[in-house]
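The values are calculated or read from the model by the stated rules, or taken from the named source; none is laboratory data. Source: prediction; values computed, not measured. Cβ atoms come from the backbone with ideal geometry, glycine included; neighbour counts cover every protein chain shown. What goes into the accessible areas is simple: the full protein's heavy atoms, side chains included, and nothing from ligands, DNA or RNA. Shrake-Rupley method; radii C 1.70, N 1.55, O 1.52, S 1.80 Å.
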Amino acid sequence: MQTKKLKAFTLMELSISMLIAAICIGMAFYMFQFFQRLYLSQQREKQEQFSFSLFQHLLKKDMDQAQAVFYAENELQLLDSAGTVRYIFSENYIARDHYQQQTDTFNFKISAIDGLYRNASRPSPTCIDEFQVTVIYDKEEHSFILDKKYAAQQLMQIANNKQE
């Protein structure tokens, strides 16, 4: 009786192909993890850049639109025709309260903060016309110096509101 030989892979050939497949899958998994970490770190950096730019833009815009600016005890209040915008400065973050409707939080460390009134007669004890804040972003200090130009009518209105 003649036996018919079947064409098939040997056990050794199957073992070697499984070993090669396991090495390829391991390399692919390692590359996936590497690119995933790279993507997440870039996303985090872009989010921090956006947050820094947004803080810079909003602070400048709020200061320009304000009719009166007050600073006391790490709180900046900017009064305009629509209401009050408050910035609360903590050691590790800055919170922005926009007309008591929405709050933005910026996670920056504050290294210096000061509100000044440069003229001799101050219309209110907390009224300022220059605001300085230094934040630490990307391991560097960035200073913002914002000025508020008051009209005489605005100063008289602030002084009158103080007396009432």
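Tyr71 passes all but one of (1) among the aromatic types (Phe, Trp, Tyr); (2) closer than 24 Å to Lys149 by Cβ; (3) without any contact (Cβ under 8 Å) to a residue 24 or more places away in the chain; which number fails?
Exception for Tyr71: condition (3).
Read through the list (1) open to solvent by 60 Å² or more (accessible area, probe 1.4 Å); (2) within 12 Å of Ala68 (Cα to Cα); (3) assigned to a loop (DSSP other than H, G, I, E, B), then give the number of the only condition that Asn161 fails.
For Asn161, the exception is condition (3).
Restricting to region 90-110, and then to whatever is open to solvent by 40 Å² or more (accessible area, probe 1.4 Å) and in contact (Cβ under 8 Å) with a residue 24 or more places away in the chain, can you tell me which residue is farthest from Ile128 (Cα to Cα)?
Ranking the candidates gives Asn107 first.
If you take the residues in region 111-133 that are more than 23 Å from Thr84 (Cα to Cα) and under 25 Å from the mean Cα position of the chain (by Cα), which one is surrounded by the fewest Cβ atoms within 10 Å (Cβ to Cβ)?
Within region 111-133, the match that is surrounded by the fewest Cβ atoms within 10 Å (Cβ to Cβ) is Ala112.
Give the residue that is modelled with the highest pLDDT, with candidates limited to residues of region 138-158 that are in a loop (DSSP other than H, G, I, E, B) and touching a strand residue (DSSP E or B) at 6+ places or on another chain (Cβ under 9 Å).
Step one: of region 138-158, the residues in a loop (DSSP other than H, G, I, E, B) are 138-139, 148-151.
Now restrict to residues that are touching a strand residue (DSSP E or B) at 6+ places or on another chain (Cβ under 9 Å): 148, 150.
Working: Lys148: 88, Tyr150: 85.
Ranking the candidates gives Lys148 first.
Out of everything in region 61-89 that is over 16 Å from Thr105 (Cα atoms) and of a type in the set (D, E, K, R), what residue ends up being most open to solvent (accessible area, probe 1.4 Å)?
Glu73
Taking Leu6, is it of a type in the set (A, V, I, L, M) and free of Cβ contacts under 8 Å to residues at least 24 places away in the same chain?
yes
Which one is nearest to Phe55 (Cα to Cα) among residues in region 119-137 that are in contact with a helix residue (DSSP H, G or I) (Cβ under 6 Å, 6 or more places away or on another chain) and in a strand (DSSP E or B)?
Narrowing region 119-137 to residues in contact with a helix residue (DSSP H, G or I) (Cβ under 6 Å, 6 or more places away or on another chain): 123-124, 127, 137.
Next cut, in a strand (DSSP E or B) only: 127, 137.
On the way: Cys127: 22, Tyr137: 12 Å.
So, considering only residues that are in contact with a helix residue (DSSP H, G or I) (Cβ under 6 Å, 6 or more places away or on another chain) and in a strand (DSSP E or B), the one nearest to Phe55 (Cα to Cα) is Tyr137.
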